[in-house]
1. Can you tell me which lysines have their Cα less than 29 Å from the Cα of Lys89? Leave out same-chain residues fewer than eight positions away.
2. Could you order peptides 25-35, 45-55 by the average number of other Cβ atoms within 10 Å of their residues, highest first?
3. Based solely on its DSSP helices, what 222 nm [θ] is calculated for the chain when runs of n ≥ 4 H residues each add -39,500 (n - 2.57) and the sum is averaged over all residues, nearest 500 deg cm²/dmol?
4. Rounded to the nearest 20 Debye, what is the dipole magnitude of segment 3-93 about its Cα centre when Lys and Arg each give +1 and Asp and Glu each give -1 at the C-beta?
5. Ranked highest first by the average count of other Cβ atoms within 10 Å around their residues, in what order do 36-42, 11-17, 61-67 fall?
6. Test of understanding: express the Cα radius of gyration of the chain as a ratio to 2.2 N^0.38 Å, with N the residue count.
7. Within the chain, which complete DSSP H helices have Cα atoms spanning at least 18 Å along the helix axis and a mean Kyte-Doolittle hydropathy of 0.0 or higher?
Amino acid sequence: MSPTFCEIFSQSYEAEQDGSLYICGIGYGKALEFLIKYYAKTLHPNKEVDIEKCSLAKCIQNYVDNERIKKSSDLARWLRNDETHYVKKYRFFRRISG
């Protein structure tokens, strides 16, 4: 397990527990990227540099082979992106109103 993922996730969880709901979503999204890229690098160690440089979407598309992980990662990526924008596309997942 990626130590960086664990640290970012932990900080995001703390932010959520403190009621910082606008911040924790962005943090969880960052944690997701570290988790997926760490996973991809374990599957493709000879592509480590490419994986680190590519976008999360490309990483999922090109380096995640398991379809269940690929689909759930894509959904999480969409929600992560939604957390950074002023207008939300996926409001049905929101716990707070914008």
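Every number here is computed from the coordinates shown, using simple stated rules; none is lab data. Just so it is clear, the model here is predicted, and its values are computed rather than measured. All Cβ positions, glycine included, derive from the backbone under ideal geometry; neighbour counts span all protein chains shown.
1. Those lysines meeting the cut-off are Lys30, Lys37, Lys53, Lys58, Lys70, Lys71.
2. 25-35, 45-55
3. Details: 5 runs with 69 residues, N = 98.
Helix contribution divided over all residues of the chain: -22500 deg cm²/dmol.
4. In total the dipole reaches around 420 debye.
5. Those peptides, ordered most packed to least, come out 36-42, 11-17, 61-67.
6. Working: Rg = 14.1 Å, N = 98, 2.2 N^0.38 = 12.6 Å.
Expressed relative to 2.2 N^0.38 Å, the Cα Rg reads 1.12.
7. Numbers: long enough: 3-17 (21 Å, -0.55); 21-43 (33 Å, 0.67); 67-83 (24 Å, -1.61).
Flagged H segments are 21-43.
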